[in-house]
Amino acid sequence: LLLVLFIAVVTASILYFLREEAVSSLTHDKKVMGVALNLAWLLALVHVFDAAQYVCSSILRVFLDNKSAAIGYLLGHYCIGVSSCFILFSLLDLRELRSVWVSCLIGLIVCSFVQFFLCRKNCGFLVG
C-alpha cells in the first residue's frame, strides 16, 4: 500500500506541475484551458485517493470480504459523495463544474479511509 501511495503521489505531482503542458497538448481553446487548469489540483488529489481506494478494495476482495468493500463504496461514493453533490448544487448554489469534482473527491476520501480501516481490521498484516 505504501508503494502504491508513493507512486500515486509522484504521478500526481508530475501531473500537477506539468498541467499547462498537458492541457495545451489536448486543447487550444482558452476557456477550456482555464477551467482545466483550475481543476488540476483536484485531479492530483483524486488520483492519490483513487489509488489508495483501489488497493484497499482489492485487498478486501482477495480475502473474500466483498461485503466490506461494498460498505466502503456505499458510504463513500453514494451516501457522502452524491449527497454532498446535491448540497453543493442546490443549497450553496455552486453551479459550476468544480462543485461536482469536490463532491466526488469528498466521497472518494471517505471511501478510501473506510476501506483502509476495514483492511486494517480484517487483514492488518498487509496494511500496517
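The values are calculated or read from the model by the stated rules, or taken from the named source; none is laboratory data. Being a predicted model, the structure only gives us computed values, none of them experimental. Neighbour counts are summed over all protein chains in view; Cβ atoms, including those assigned to glycine, are modelled from backbone coordinates with ideal geometry. Only protein heavy atoms, including side chains, enter the accessible area calculation; ligands, DNA and RNA are left aside. Shrake-Rupley method; radii C 1.70, N 1.55, O 1.52, S 1.80 Å.
Per-structure values
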| item | result |
| --- | --- |
| Candidates 80, 71, 106, ranked by Gaussian network fluctuation over the chain, Cα under 10 Å, top entry | 71 |
| Span from the the stretch 2-32 Cα centroid across to the the stretch 55-83 one, whole angstrom | 27 |
| Accessible surface, the stretch 14-117, averaged per residue in Å² (probe 1.4 Å) | 63 |
| Shape category assigned to the chain from the gyration tensor of Cα positions, a/c cut at 1.5 | oblate |
| Dipole magnitude of the chain, debye to nearest 20 (Cβ charges: Lys/Arg +1, Asp/Glu -1, about Cα centre) | 260 |
| Between helix 97-122 and the chain: long-axis angle, C-alpha atoms, 0 to 90°, nearest 10 | 20 |
| CD proxy at 222 nm, helix term only [per DSSP H run n ≥ 4: -39500 (n - 2.57); per residue of the chain; nearest 500] | -24000 deg cm²/dmol |
| Rounded percent of accessible protein surface that carbon and sulfur make up, the chain, 1.4 Å probe | 72 |
| Residues whose placed amide H lies under 5 Å from that of residue 65, excluding near-sequence neighbours | none |
| Positive-end residue, the chain charge dipole about Cα centroid, Cβ charges, pick of 110, 72, 84 | 72 |
